[in-house]
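Engineer: This is the structure I want to talk about, given as structure tokens.
The values are calculated or read from the model by the stated rules, or taken from the named source; none is laboratory data. The structure displayed is predicted, hence computed values, not measured ones. Note that we place each Cβ from the backbone using ideal geometry, even for glycine, and neighbour counts take in every protein chain shown.
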Amino acid sequence: MLGELMGWENTLPFLPYNEAWKAQRKIFHQAIPPSNIVHFHSKLLQATHNLVQMLAKTDDYMEDLHS
């Protein structure tokens, strides 16, 4: 439901476990192997910080998360 509200229903985290999910996960792991995730840690941390800052400044969470 959250994926639908945000318009992300066709992205890997929100797909139901089925053949489409398996295919997308395989492609994702080929593009970004689990061993490479460490290289993205600083970007994930910065994005999380930005999200928290944005949410702290808004009253319209759904509009801001959707954009």
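Engineer: If I go through segment 29-49 residue by residue, how many of them are modelled with pLDDT of 90 or more and surrounded by 10 or more Cβ atoms within 10 Å (Cβ to Cβ)?
Structural biologist: 7
Engineer: A follow-up question, please. How about segment 2-67: which helices (runs of 4 or more DSSP H) wholly inside it have at least 3 residues that are more than 16 Å from the chain's Cα centre (by Cα) and in contact (Cβ under 8 Å) with a residue 40 or more places away in the chain?
Structural biologist: So the answer is none; nothing clears 3.
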